[in-house]
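Computed from the coordinates by the stated procedures, all read-outs in this text should not be read as laboratory data. Keep in mind the model is a prediction, meaning the values are calculated, not measured. Because the Cβ atoms are built from the backbone with ideal geometry, glycine has one as well, and the counts that use them run over all protein chains shown.
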Amino acid sequence: MAQARWNEAEKGMQFYGLRAAEVARIWTDIFGGEAEARLRNVIASQTGWLGLEREALEAPLYQAEKAGNRAPATAFD
């Protein structure tokens, strides 16, 4: 998916972060006013590769696509 979208190899974590944020925002919308009390949006990475989480949380290629694309980290608690 990342290769097709950005034509760059090794950027799967950025796509993972972007998609995880999309899903987190969908859940937040579904829960509406109850989201704060009933929902915790989380994302996971592996602990054996320090720094890998930055790709998912920042997704600079996604942010560069257009103005208004926020870092995926903003979707998580």
Residues in region 18-77 that are assigned to a loop (DSSP other than H, G, I, E, B) and not aromatic (Phe, Trp, Tyr) total 20
Out of curiosity, is Glu8 out of contact with any strand residue (DSSP E or B) (no Cβ under 7 Å at 6 or more places or on another chain) and either among the hydrophobic types (A, V, I, L, M, F, W, C) or not in a helix (DSSP H, G or I) (or both)?
yes
Restricted to region 23-35, and to residues that are in contact (Cβ under 8 Å) with a residue 40 or more places away in the chain and out of contact with any Phe, Trp or Tyr (no Cβ under 8 Å at 6 or more places or on another chain), which residue is farthest from Pro72 (Cα to Cα)?
Thr28
Of all residues in region 36-72, how many are of a type in the set (Phe, Trp, Tyr) and without any contact (Cβ under 8 Å) to a residue 40 or more places away in the chain?
1
Considering region 31-70, residues that are aliphatic (A, V, I, L, M) and within 19 Å of Glu8 (Cα to Cα), and then whichever is surrounded by the most Cβ atoms within 10 Å (Cβ to Cβ), we arrive at Ala59
